[in-house]
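A.B. asks: Dropping the structure in here first, questions after.
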Amino acid sequence: MADSIYTRSVEGPLQMEPDRYRQQGHEQDSEHQEREKRPGGRGHDAEGFDDRAAFLGIPEDQLTQPVRDALARLSGEMERLRRDIRRLEEREKLLREEADQDGRLPVLSYRAFAREISRVVRLSAQSQTAAWLVYFDIRNADTIKGAHGHRALEAAMIHASLLLTAEVRTADVVGNLGHNDFGVVLAVADTQGAEQKAADLAEKLNNRPFFWKSEAVAIEVSHGIHRLEEGQSPEAAIEEADRASRK
C-alpha cells in the first residue's frame, strides 16, 4: 500500500478528561481523610510527633500535651495547605489544556497547533523520520456565508474539523489556522504516503457535504503540503504550506 509508512504510530498529544480528572482528585482527598481517621495514621502517629518536634528543635522533655496539641494543629494545617496547592496545580493544568482547544471548533487553537508542530519536528529529528504539514483552505466560505448566513459557515467549519479529526491517526494533529483554514500535521510519513493522505483528506472534504436546514451544502477546499524541517519555525512552516495550497 502506498502510504504504509503513514500507518506507523508515534506518541501523540495527551488528552485530558476533566470530569475523570476531578473525580480522581476527590478520591485522593477521601483516601487521605480516611488515613487521618485510622489509628496509627499520620494524625495519630506518636512517632510522627517526635519527628516533627525534632525537626522544629523541641526537646523531648518539653513535649507536653499542649505542645503536642499545637503540633497536631500545625501538622493538619500544613497538610491542608499541601492539598490546596495540589488542587491549584491541577486546576492550572486543566485550564492550560482547555486553553489549547479552539474556542469554536473541536480542534487545537493556533497557538497549541504551532506548539505541536515544534514537538513533532523534534521527535522526527530524534527518530530520523519525516513529518508533514497539510494546509486546507475552504475556498467557498464566503459563498456559504452569503447564501446561508454566518451560522451556516460555522456549521461548515465544524463539519470540516470533525471530518479531519476522524480521518487521521491519534499521533497526527488537527488545528485551526484562523479565518477558514485548517492545518493537519502528519507524523512519521514518507513522501508518497503523506501526499496520498493529503489528497484523500481533500477529496473527502470536497465530496461530503454538510446539511443546513435540510439542504446539502458542499464544501470546496484547496490544499497544500510542506515537509517539516528541523530549525524551521512553526509560523514559517505554516506559511510554506499555505503558499503550496494556492499554487
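A.B. asks: Quick one: would you say L56 is surrounded by 10 or more Cβ atoms within 10 Å (Cβ to Cβ) and modelled with pLDDT under 85?
C.D. replies: Working: surrounded by 10 or more Cβ atoms within 10 Å (Cβ to Cβ): yes; modelled with pLDDT under 85: yes.
Yes.
A.B. asks: Do we find that A171 is outside any helix (DSSP H, G or I), at pLDDT below 95 and not charged (D, E, K, R) in this structure? Give the steps one after another, and end with the answer.
C.D. replies: Values: outside any helix (DSSP H, G or I): yes; at pLDDT below 95: yes; not charged (D, E, K, R): yes.
Considered against the rule, which asks whether it is outside any helix (DSSP H, G or I), at pLDDT below 95 and not charged (D, E, K, R), A171 comes out as yes.
A.B. asks: In the list A236, A241, which residue meets the criterion of being surrounded by 14 or more Cβ atoms within 10 Å (Cβ to Cβ), under 25 Å from the mean Cα position of the chain (by Cα), outside any strand (DSSP E or B) and not charged (D, E, K, R)?
C.D. replies: On the way: A236 fails: surrounded by 14 or more Cβ atoms within 10 Å (Cβ to Cβ).
That would be A241, the only listed residue that is surrounded by 14 or more Cβ atoms within 10 Å (Cβ to Cβ), under 25 Å from the mean Cα position of the chain (by Cα), outside any strand (DSSP E or B) and not charged (D, E, K, R).
A.B. asks: Select from the stretch 166-193 the residues that are farther than 15 Å from G224 by Cβ and of a type in the set (S, T, Y) and list them in ascending order.
C.D. replies: T170
A.B. asks: A further question on this structure: Are there any pairs with C-beta distances below 6 angstrom linking a residue in the stretch 174-192 that is on the phi > 0 side of the Ramachandran plot to a residue that is in a loop (DSSP other than H, G, I, E, B) and of a type in the set (S, T, N, Q), with the two at least 6 apart or on different chains, and if so which?
C.D. replies: Pairs that qualify, where the first residue is on the phi > 0 side of the Ramachandran plot and the partner is in a loop (DSSP other than H, G, I, E, B) and of a type in the set (S, T, N, Q), are V188/T129.
A.B. asks: Next question. What is the number of the single condition among (1) surrounded by 15 or more Cβ atoms within 10 Å (Cβ to Cβ); (2) in a helix (DSSP H, G or I); (3) out of contact with any strand residue (DSSP E or B) (no Cβ under 6 Å at 6 or more places or on another chain) that V188 does not meet?
C.D. replies: The one condition V188 does not meet is (2).
A.B. asks: Count, please, the residues in the stretch 170-208 that happen to be in contact with a Phe, Trp or Tyr (Cβ under 8 Å, 6 or more places away or on another chain) and of a type in the set (D, E, K, R).
C.D. replies: Count: 3.
The values are calculated or read from the model by the stated rules, or taken from the named source; none is laboratory data. Keep in mind that this is a model prediction, so the values were computed, not measured. Backbone-built Cβ (ideal geometry, glycine too); neighbour counts: all protein chains shown.
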